[in-house]
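A quick write-up on the structure given underneath.
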Amino acid sequence: MPPRDDAESEQPESFDDQDEAAADATALETEAEVNCPHCGETLTIALDPAGGRSQDYVEDCEVCCRPWRVKLWYDASGAAEVQVQAVD
Ligand SMILES: [Zn+2]
């Protein structure tokens with residue numbers, strides 16, 4: 001077995017000046033479809049690639065106006081991985 005290159009599991013500590021280059025090299029998704037954890041509605045939310053490859057924020061549902069906690073990651077290809085949780 002060749003030694004594994006562990007780069008993928010490294011946390012973005014040395015990210016500072018790679019951020020801009022990465023954003024240029026990859027087209028990061030700017031929207032994602034989510035299901036509201038409160039009302040169950042499927043919505044398309046806008047994402048902000050400028051916020052970084054890994055984000056965690058609170059946003060209100062456009063339908064029922066209740067808050068979600070949004071967790072967002074971009075993978076190496078620029079695809080967004082989004083999870084929403086209910087916030088009370
Ligand atoms: Zn809702």
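Values quoted throughout were computed directly from the atomic coordinates according to the rules given, and no laboratory measurement underlies them. Since we're looking at a predicted model, the values are computed, not measured. Reconstructed Cβ throughout: ideal geometry from the backbone, glycine too, with neighbour counts over all protein chains shown.
Take the Cβ-Cβ distance between Ala86 and Thr44 as r, set R0 to 22 Å, and report the resulting FRET efficiency rounded to the nearest 0.05.
0.70
Here the label points at Glu33 and Asp75, each 7 Å from Cα along the C-beta direction, are separated by 1.7 nm in the simple model.
Normalised size of the stretch 25-76, defined as Cα radius of gyration per 2.2 N^0.38 Å with N residues, equals 1.18.
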